[in-house]
1. Can you pull out every residue in segment 226-274 that is away from the ligand (no atom under 16 Å from the Cβ) and among the aromatic types (Phe, Trp, Tyr)?
2. Quick test of your reading of the structure: Leu217 fulfils all but one of (1) buried (at least 18 other Cβ atoms within 10 Å of the Cβ); (2) closer than 30 Å to Leu369 by Cα. Name the failing condition by number.
3. If you scan segment 164-189, which residues turn out to be open to solvent by 50 Å² or more (accessible area, probe 1.4 Å) and touching a residue at least 40 places away in the same chain (Cβ under 8 Å)?
4. From Leu9, Leu68, Leu27, Leu56, grab the single residue that is open to solvent by less than 40 Å² (accessible area, probe 1.4 Å) and modelled with pLDDT under 90.
5. Condition first: open to solvent by 40 Å² or more (accessible area, probe 1.4 Å) and within 13 Å of the ligand (Cβ to nearest atom). Now tell me which residues in segment 337-354 satisfy that.
6. Out of Ala368, Ala305, I need the residue that is of a type in the set (Gly, Ala, Ser) and modelled with pLDDT of 95 or more. Which one?
7. Find the residue count for segment 101-143, including only residues that are over 22 Å from the mean Cα position of the chain (by Cα), of a type in the set (Gly, Ala, Ser) and modelled with pLDDT of 75 or more.
8. State whether one or more residues within segment 256-264 are touching a Gly at 6+ places or on another chain (Cβ under 6 Å), open to solvent by less than 10 Å² (accessible area, probe 1.4 Å) and among the polar types (S, T, N, Q).
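The values are calculated or read from the model by the stated rules, or taken from the named source; none is laboratory data. Predicted model, so just to flag it, every value in this text is computed and none were measured. Glycine gets a Cβ as well: all are built from the backbone with ideal geometry, and neighbour counts include every protein chain shown. The accessibility values were calculated without ligands, DNA or RNA, using every heavy atom of the protein model including side chains. Shrake-Rupley method; radii C 1.70, N 1.55, O 1.52, S 1.80 Å.
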Amino acid sequence: MKKITKIPLPFQIIIGLFIGVILGLYLGNNPAFANTYIKPFGIVFLNLIKLVIVPLVFSSLVVGVSELKDIKKLGKIGLKTFIFYMITTILAITISLIFANILKPGTGFNLPANLSEIKVNQAPKFIDTLLNIIPANPLKALVEGNMLQIIIFSLLLGSGLLSIKEKSKTVFAFFDGISNAMISITNAIMKLAPIGVIGLITPVVATNGPKVLLPLLKVILVVYFVCIVHALFTYSISIKVFTKMKVSSFFKKAFTPIFVAFTTSSSAGTLPVSIETVQTDMGVSKSIASFVLPLGATINMDGTAVYQGVCALFIAQVYGIDLNVYQQIIIVLTTTLASIGTAGVPGAGVIMLAMVLQSVGLPIEGIALVAGIDRIFDMIRTVVNVLGDITCSVVIAHSEKELDYTKH
Ligand code: ASP
C-alpha cells in the first residue's frame, strides 16, 4: 500500500485510465455490468468534485475581487479575457473547417437507410442567455449552480467589500477561509482520482466498443486530430509569445486537469482541479484564476467549436451537400455563438450542433449519425475547452504581472 501512494498522482491516473480501457474492452459484451457495478465509483468521484464547485468559485472570486487594489482593473481583465476567448474560438473553428475540407471525414460513409428521427432539444436563445446573466435572486443562482449568475454576484459582492475597506475584514476572512478549505478538499478528493477514472472510463469503453466506433472512425480521428493540432498550435504559441513560461512545463503542469477533463467530460466539473492547478503549480494569482477559469468553463469552448465544425462538414459530406465559402463563414459565426451558449457539462455540445446545422440549412437528423457515440467526442473536446481556459488564465496573469514565476 505504501508503495502505491508513492507513485505520483498523474501516473496513478494514467494507470487508472489503462485499467478502465482494458476492463471496458473485456466487458464489451456485458456493458450492463459496467454500468451497474463500476459506473457508481465514477459517479461518486464526480459528485465529490462537483460539490466543491459553487463554494469554491463563489468564495475565491469574492476574495479575488476584494484583493484587487483598483476596481478598474477588473474591467481591463474582463475585456482582455473576453477578447482572448473569442479569438481562440474563432481560430479553433477555422482550423477545424480547413482540416475537414482537406480530410473529408464524410466521404465513403454511407447514409444508413434507417436513420432515426432525432428529437433535438431547443437550444437556448442567445439573447435569453444574455438577459439571464443578472441574478434577480442570488441565492437561487447559488442553489442552482448557475455559473454566469454566480460570477456576476461574486463580482458585485467583491466590489462592495472593496468599497467598504476596513469594515470588510471579517467577511473577507470568512470567504478566504472557505476558499482555502475548498482547495484543500479538492486536493483530498483528487487522491481518489485513479479509482474515479476507472469508474468513469470503463462504462464508456464497454458501451462504445470497436463495433460501434469503427464505422465512424474517420470522423472521430479527424476531431481528435484537429483538437490536438489546435491545442499544440494555438495554446503553445500563446504561452510562448505572451508569457515567459516554458511550453513543455505548461503542458506538464496541466496534466491533471487534462485527465480529469478527459474522463469527466465536464469543464465545470474540472473547475476545482484547474483552479487549484493554476494557482498552486503555475503561479496564477487567486483573483485571475477565480475569474478567468469559471468564466471560461461557461463561455469558452474551443474543443466544442472544433467538434461542431468538423461534424457540420461531416454531415454535409454524408448527405452530398456542398457548402460554399459564404456558408462556411456562417458556420464560423454560429459556432462561436453556440460554443458560448454551450454549458460545461457532458453532452451539451451536441445540442448546440443543431443550431449550427440549422444556420446553413443542413439536415438536423444528421446529428443521429454522431449522437450515439457523443461521449467519445465529448472527452477530447472537453480537454481542449479546459486547456483553453487554463492558457488564458496564464496569459492574463502574465500581462497583469500576477504570474508567480518562482513556482516554475
Ligand atoms: N462537455 C463539454 C464541456 O464540459 C461541453 C460539450 O458538450 O461540448 O466542456
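1. Looking only at segment 226-274, we keep the residues that are away from the ligand (no atom under 16 Å from the Cβ), and these are 228-229, 232-234, 236-253, 255-256.
Scanning segment 226-274 gives Phe233, Phe242, Phe250, Phe251, Phe255.
2. (1)
3. Once the filter is applied, which keeps residues that are open to solvent by 50 Å² or more (accessible area, probe 1.4 Å) and touching a residue at least 40 places away in the same chain (Cβ under 8 Å), segment 164-189 yields Phe172, Ile178, Ile185, Asn187.
4. Values: Leu9 fails: open to solvent by less than 40 Å² (accessible area, probe 1.4 Å); Leu27 fails: modelled with pLDDT under 90; Leu56 fails: modelled with pLDDT under 90.
Leu68 is the lone residue from the list that is open to solvent by less than 40 Å² (accessible area, probe 1.4 Å) and modelled with pLDDT under 90.
5. Pass one, segment 337-354, residues open to solvent by 40 Å² or more (accessible area, probe 1.4 Å): 337, 343, 345-346, 351.
Matches in segment 337-354: Ala343, Val345, Pro346, Ile351.
6. Numbers: Ala368 fails: modelled with pLDDT of 95 or more.
Result: Ala305 is the single residue among Ala368, Ala305 that is of a type in the set (Gly, Ala, Ser) and modelled with pLDDT of 95 or more.
7. 3
8. First, the residues of segment 256-264 that are touching a Gly at 6+ places or on another chain (Cβ under 6 Å): none.
Within segment 256-264 (the criterion being touching a Gly at 6+ places or on another chain (Cβ under 6 Å), open to solvent by less than 10 Å² (accessible area, probe 1.4 Å) and among the polar types (S, T, N, Q)), the answer is no, since none of the residues qualifies.
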